[in-house]
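J.: Dropping a structure here in structure tokens format, bear with me for questions.
The values are calculated or read from the model by the stated rules, or taken from the named source; none is laboratory data. The structure displayed is predicted, hence computed values, not measured ones. Using ideal geometry, Cβ is built from the backbone for each residue, glycine included, and neighbour counts are taken over all protein chains shown.
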Amino acid sequence: MRNIISKPGHVKILKELMDRCYNRTWPLPSLTIESSLQRELFGYVMGCCVLTEYNQIIAPVDVCTSDEEIEGYQFTAYTNCGLNYRKLVVREKSSNREIMFKVFPSGEVSNLWFQLEKVPFHGVDILTKPELALLSGLIGFEAKTIKVEQELTRNDFGSRWHESFFHYEMLSDKAIKLTYRSTDDIVYHILISGEPHLIIEEKGENQVSGLRDELVQFIRDVEEKSKSDHIFSQRYPELIDETTDSVVDGIRIFPSGLAIYRLPSVNQLKVMEMLKDVLAEAGWEYRFDCNFEGMALFVTKKNYTLSIDLPKSQYYSFFPKAYDRTEKEPALLLDAAESNTLMMRLRMVDKKLNTGHLTTIGKDYGWKSVEPYGSQLLFVADL
């Protein structure tokens, strides 16, 4: 891959990186392999490296593009045509400790910063869906709301991302403030908040996520009641992938000879990662198999092998949601312009959709009914 000029500082930097990641003392988001160090280690800049906030899996469809030992550390890079980033696994050979990074193309990150500079003047709508997906990957949680504040100041602002001139401050695990100076006197703060990615930790049955509880119960029902399918009771954040407008609906089990092979999406991979732990705890063995159509998950217990499928359906990220409705204010009324925009976006996905389909669609987003009200649309929450 390159001829490295070994420097004593490299080992110290890599060891500190590994220690801080394992001790969770490195603040997220964190661009933890700077361009200068990448160039010295690999001979070129791989991209914008962000420490992953949750344990990702190396799927059979991930293609290994490089695998090299550097000063006692194994660097293995993978690419996947279904993801907007590469995976970089760093393993300390002496301890076998392993951490993973998302590696985003530096050019795309630079373009995103350029677009973010325009947000104070042109609004959030100038950010495309791929750009929002890239932003969410960089900050470590899904960007739901973006607001801009202006400040007159000459102050300098602490730490910053190495790949840009944006200073950042983590306000919480699901809120970040990006700051950049427009002129000598004007500073813009871009406040981003949203839902953090799920961190799966073993903390006992009472503290695991609701989705994991459903998976545990389903595997138990498979063993005790020969259950073959399950629809998730709610749309957990882990099930939704707004970059592809899809949601994992549930889980199905087939005989091994009827396995469904597919290229997994990000949300399917999240569920698979959680399901692996559940299966292992229940005494099931699992393996992935792949062919030209994609990959399939097989599980085995007592010489009986089954295949598991995670069906998806359309998810309309732009559809109004009823989660903030209350008994005092159960309804939402869209004006004529908002109603026309909603129907136009729905028809861009499926030309056959009309207002008669809205109540059916709305049930997935917490609405009891969605009806035309003149030229407007009236949403009533299912409380």
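J.: Which residues, taken from the stretch 60-86, are without any contact (Cβ under 8 Å) to a residue 40 or more places away in the chain and within 21 Å of GLY43 (Cβ to Cβ)?
T.: VAL63, CYS64, THR65, ASP67, GLU69, GLN74, PHE75, THR76, ALA77, TYR78, THR79
J.: Give me the residue from the stretch 74-131 that is hydroxyl-bearing (Ser, Thr, Tyr) and within 30 Å of VAL148 (Cβ to Cβ) and, out of that set, surrounded by the fewest Cβ atoms within 10 Å (Cβ to Cβ). Before you say what the answer is, go through the steps one by one.
T.: Filtering the stretch 74-131 for residues hydroxyl-bearing (Ser, Thr, Tyr) gives 76, 78-79, 85, 94-95, 106, 110, 128.
Then drop every residue that is not within 30 Å of VAL148 (Cβ to Cβ), which leaves 85, 106, 110, 128.
Details: TYR85: 22, SER106: 16, SER110: 13, THR128: 11.
Filtering the stretch 74-131 for residues that are hydroxyl-bearing (Ser, Thr, Tyr) and within 30 Å of VAL148 (Cβ to Cβ), the one surrounded by the fewest Cβ atoms within 10 Å (Cβ to Cβ) comes out as THR128.
J.: Which ones in the stretch 351-383 are part of a helix (DSSP H, G or I) and exposed (fewer than 12 other Cβ atoms within 10 Å of the Cβ)? Step through it out loud before you land on a result.
T.: Narrowing the stretch 351-383 to residues part of a helix (DSSP H, G or I): 355-365.
Selection gives GLY356, THR360.
J.: Ok, one more. I'd like to know if the stretch 336-350 contains one or more residues that are surrounded by 15 or more Cβ atoms within 10 Å (Cβ to Cβ) and assigned to a strand (DSSP E or B).
T.: No, the conditions are met nowhere in the stretch 336-350.
J.: Now for a different question. Closer than 30 Å to ASP213 by Cβ and not hydroxyl-bearing (Ser, Thr, Tyr): does that describe LYS312?
T.: When the stated conditions are applied, LYS312 passes them.
J.: When the residues of the stretch 147-197 are narrowed to those that are aliphatic (A, V, I, L, M) and at pLDDT below 80, which ends up surrounded by the fewest Cβ atoms within 10 Å (Cβ to Cβ)? Show your work before the answer.
T.: So the first thing to find is which residues in the stretch 147-197 are aliphatic (A, V, I, L, M), and the list is 148, 152, 170-171, 175-176, 178, 186-187, 190-192.
Keeping just the survivors that are at pLDDT below 80 gives 152, 170-171, 186-187.
Details: LEU152: 8, MET170: 15, LEU171: 12, ILE186: 12, VAL187: 19.
That would be LEU152.
J.: From the list LEU134, LEU127, which residue is at pLDDT 75 or above and within 18 Å of GLY47 (Cβ to Cβ)? Working first, answer last.
T.: Details: LEU127 fails: within 18 Å of GLY47 (Cβ to Cβ).
From the options LEU134, LEU127, the qualifying one is LEU134.
J.: May I pose another question? Can you tell me which of CYS21, CYS49 is on the phi < 0 side of the Ramachandran plot, outside any helix (DSSP H, G or I) and either modelled with pLDDT of 65 or more or surrounded by fewer than 18 Cβ atoms within 10 Å (Cβ to Cβ) (or both)?
T.: On the way: CYS21 fails: outside any helix (DSSP H, G or I).
Selected residue: CYS49, the only one of CYS21, CYS49 that is on the phi < 0 side of the Ramachandran plot, outside any helix (DSSP H, G or I) and either modelled with pLDDT of 65 or more or surrounded by fewer than 18 Cβ atoms within 10 Å (Cβ to Cβ) (or both).
J.: Look through SER317, SER313 and report the one residue that is loosely packed, with under 14 Cβ neighbours inside 10 Å and of a type in the set (Gly, Ala, Ser).
T.: On the way: SER317 fails: loosely packed, with under 14 Cβ neighbours inside 10 Å.
Exactly one residue qualifies, and that residue is SER313.
J.: Looking for something at pLDDT 85 or above, on the phi < 0 side of the Ramachandran plot, within 28 Å of the chain's Cα centre (by Cα) and in a strand (DSSP E or B) - is there at least one such residue anywhere in the stretch 309-327?
T.: For the stretch 309-327, residues at pLDDT 85 or above, on the phi < 0 side of the Ramachandran plot, within 28 Å of the chain's Cα centre (by Cα) and in a strand (DSSP E or B): present.
J.: Could we say that LYS301 is closer than 29 Å to MET274 by Cβ, surrounded by 14 or more Cβ atoms within 10 Å (Cβ to Cβ) and among the basic types (Lys, Arg) here? Break it down into steps so the answer makes sense when it comes.
T.: Working: closer than 29 Å to MET274 by Cβ: yes; surrounded by 14 or more Cβ atoms within 10 Å (Cβ to Cβ): yes; among the basic types (Lys, Arg): yes.
In short, yes.
J.: Next up: Pull up the stretch 260-293, narrow it to residues that are at pLDDT below 80 and out of contact with any Ser or Thr (no Cβ under 9 Å at 6 or more places or on another chain), then point me to the one that is surrounded by the most Cβ atoms within 10 Å (Cβ to Cβ).
T.: Taking the candidates together, the pick is PRO264.
J.: Can you tell me which residue is farthest from ARG325 (Cα to Cα) among those in the stretch 363-383 that are in contact with a strand residue (DSSP E or B) (Cβ under 6 Å, 6 or more places away or on another chain) and free of Cβ contacts under 8 Å to residues at least 24 places away in the same chain?
T.: The selected residue is GLU371.
Each row is one residue, and each column tells you yes or no for (1) under 14 Å from the mean Cα position of the chain (by Cα); (2) part of a helix (DSSP H, G or I); (3) over 24 Å from ASN84 (Cα atoms).
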residue	(1), (2), (3)
SER233	no, no, yes
ILE251	no, no, yes
GLY257	no, yes, yes
PRO264	yes, no, no
GLN268	yes, yes, no
GLU273	yes, yes, no
ASP277	no, yes, yes
ALA280	no, yes, yes
TYR286	no, no, yes
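J.: Collect the residues in the stretch 224-264 that are touching a Pro at 6+ places or on another chain (Cβ under 9 Å) and among the aromatic types (Phe, Trp, Tyr), keeping them in residue-number order.
T.: Those that are touching a Pro at 6+ places or on another chain (Cβ under 9 Å) and among the aromatic types (Phe, Trp, Tyr): none in the stretch 224-264.
J.: Taking the stretch 105-129 only, how many residues are in contact (Cβ under 8 Å) with a residue 60 or more places away in the chain and over 18 Å from CYS48 (Cβ atoms)?
T.: 3
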